[in-house]
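Okay, so here's the structure we're looking at.
The values are calculated or read from the model by the stated rules, or taken from the named source; none is laboratory data. Quick caveat, the model's predicted, so the values are computed rather than measured. Glycine also receives a Cβ, built like all others from the backbone with ideal geometry; neighbour counts cover every protein chain displayed.
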Amino acid sequence: MSHSEPASGKMKGLSDMNKREKTLQAMLIEVVENQLREGEPAVTAETFSRLKAEGHSEKEVKLLIAAVLLLEMNDMVKENRPFNEVQFAADMRQLPELRLD
């Protein structure tokens with residue numbers, strides 16, 4: 001994956017979303033919350049705890065994780081492949097510095 005803007009820089013643009021983007025964001029946040037509740041994949045809870053410990057708000061952490069989830073989903077569609085937990089985990093471990101586009 002090639003990404004050019006740090007994940008933390010993407011946060012500013014989230015306030016300017018249209019209704020469809022807000023619906024997508026809400027759906028992704030729900031997936032993140034389900035992953036946290038179910039403990040699968042484990043890297044989601046690990047990343048959540050790490051970023052919270054680094055001083056990020058719960059909302060920001062969930063948005064960052066949702067952004068990585070969206071990247072993985074986009075790659076799944078582009079490459080016509082199933083979820084790649086190894087790549088997802090590698091991207092999660094780069095947060096908040098992962099470049100998202």
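If you go through the stretch 55-75 and keep only what is in contact (Cβ under 8 Å) with a residue 12 or more places away in the chain and not in a helix (DSSP H, G or I), you end up with just H56. None of K52, K78, K22, K10 is charged (D, E, K, R), assigned to a helix (DSSP H, G or I), surrounded by 11 or more Cβ atoms within 10 Å (Cβ to Cβ) and modelled with pLDDT of 95 or more except K52. Filtering the stretch 51-92 to residues that are farther than 12 Å from I29 by Cβ and basic (K, R) leaves K52, K78, R81.
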